[in-house]
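Heads up, the thing below is written out as structure tokens.
The values are calculated or read from the model by the stated rules, or taken from the named source; none is laboratory data. Since this is a predicted model, take the numbers as computed values, not measurements. Cβ sites come from the backbone with ideal geometry, for glycine too, and all protein chains shown count toward neighbours.
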């Protein structure tokens, strides 16, 4: 997890480990307290990732909605590309973003993982 900020800070690793364990047990977890290394992202990419980071466990949004909330309602495809650059899936839950027609869309991992994560959170996919 080299993309977390200050990985040597003792307090961050146990919190992340506990959060991930709870998440994969199907418990609602918010990772907003985990510091992220935002270097290498454009301002729009960061805005997209910030929007998605704020999505609650089980909440699903489509790419166009994310783009709009990130400041450019015409940039659904760019929002998808930004999510494809997400270096910390689950911590920044890009799996919670789907296409406007309700289909899954892309995922930096395997599509089956996206479906698994959404089902784990109680989304009907």
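Taking the listed residues 71, 106, 64, the one that is touching a helix residue (DSSP H, G or I) at 6+ places or on another chain (Cβ under 8 Å), in a helix (DSSP H, G or I) and more than 19 Å from residue 16 (Cβ to Cβ) is 64, with no other qualifying.
Of the residues making up region 75-92, those that are under 21 Å from residue 32 (Cβ atoms) and without any contact (Cβ under 8 Å) to a residue 60 or more places away in the chain are 79, 82, 83, 85, 86, 89.
Considering region 48-61, the residues that are out of contact with any helix residue (DSSP H, G or I) (no Cβ under 8 Å at 6 or more places or on another chain) and not in a loop (DSSP other than H, G, I, E, B) include one that is nearest to residue 32 (Cα to Cα), namely 53.
For the condition at pLDDT 95 or above, in contact with a strand residue (DSSP E or B) (Cβ under 8 Å, 6 or more places away or on another chain) and more than 27 Å from residue 14 (Cα to Cα), residue 79 qualifies.
Among the conditions (1) closer than 21 Å to residue 28 by Cβ; (2) over 9 Å from the mean Cα position of the chain (by Cα); (3) outside any helix (DSSP H, G or I), residue 101 misses just one, which is (1). Among residues of region 32-54 that are at negative phi and free of Cβ contacts under 8 Å to residues at least 24 places away in the same chain, those with a beta-carbon under 6 Å from a residue that is surrounded by 11 or more Cβ atoms within 10 Å (Cβ to Cβ) and part of a loop (DSSP other than H, G, I, E, B) at least six positions away or on a different chain give the pairs 46/38; 51/70.
Annotation: residue 112 fulfils all but one of (1) closer than 23 Å to residue 24 by Cβ; (2) modelled with pLDDT of 95 or more; (3) part of a helix (DSSP H, G or I); the unmet one is (2).
When the residues of region 92-106 are narrowed to those that are touching a strand residue (DSSP E or B) at 6+ places or on another chain (Cβ under 8 Å) and farther than 17 Å from residue 58 by Cβ, which ends up modelled with the lowest pLDDT? Selected residue: 105.
Test residue 87 against the stated conditions and say whether it is at pLDDT below 95 and over 25 Å from residue 122 (Cβ atoms).
Details: at pLDDT below 95: yes; over 25 Å from residue 122 (Cβ atoms): yes.
Criteria met by residue 87.
Residues in region 12-39 that are in contact with a helix residue (DSSP H, G or I) (Cβ under 9 Å, 6 or more places away or on another chain), modelled with pLDDT of 95 or more and not in a loop (DSSP other than H, G, I, E, B) were compared, and the one that is farthest from residue 52 (Cα to Cα) is 24. Considered as a group, the residues in region 74-95 that are part of a loop (DSSP other than H, G, I, E, B) and under 8 Å from the mean Cα position of the chain (by Cα) include one that is surrounded by the most Cβ atoms within 10 Å (Cβ to Cβ), and that residue is 93.
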